[in-house]
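Report on the following structure.
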Amino acid sequence: MFKGEKELSFLAVHPEYRKKGVAKRLIEKMTEWFTVGDIISVVTFQDGDPKGIPARACYHACGFADDEKLTVFEYPCQKMVLRILH
């Protein structure tokens, strides 16, 4: 695998299966592929955007931390990062 920063893109769970831990399990499984020191980033909605409440809660529960604020296609977004520690 490449060293450095990796990116999680387009994680979605069908509405019928939300709030059942599916996304968290997918993220946990994904982290098994990486090594100590790797950084995984994801771009999602900024804090305060109602559309991002579930996604941000999931990412925070999985250990992601807020990073820089971005604008993507003229929409305010937030980069979040997870550092692999084990």
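Since every read-out is calculated from the coordinates, none of them should be taken as a lab result. As the structure is a computational prediction, the values presented were derived from the model and not from experiment. Because the Cβ atoms are built from the backbone with ideal geometry, glycine has one as well, and the counts that use them run over all protein chains shown.
Can you tell me the length gained on complete extension of the stretch residue 17 to residue 70, counting 0.36 nm per residue apart and subtracting the Cα distance?
Working it through step by step, the gained length comes to 16.1 nm.
Can you compute the modelled spin-label distance between residue 30 and residue 81, with each label point 7 Å from Cα toward Cβ, in nm?
Going from the residue 30 label point to the residue 81 one covers 1.7 nm.
In debye, nearest 20, what is the charge dipole magnitude of the chain about its Cα centre with +1 on Lys and Arg Cβ and -1 on Asp and Glu Cβ, if you could check?
360 debye
How high is the relative contact order of the chain, given as a whole-number percent (alpha carbon pairs under 8 Å, six or more residues apart)?
Once normalised by length, the contact order is 33 percent.
How would you classify the chain from its alpha-carbon gyration tensor, with a ≥ b ≥ c the square roots of the eigenvalues: rounded for a/c under 1.5, else prolate if a/b is greater than b/c, otherwise oblate? Walk me through the numbers on the way to the answer.
Values: a/c = 1.99, a/b = 1.18, b/c = 1.69.
Because a/c hits 1.5 or more and a/b fails to exceed b/c, the chain counts as oblate.
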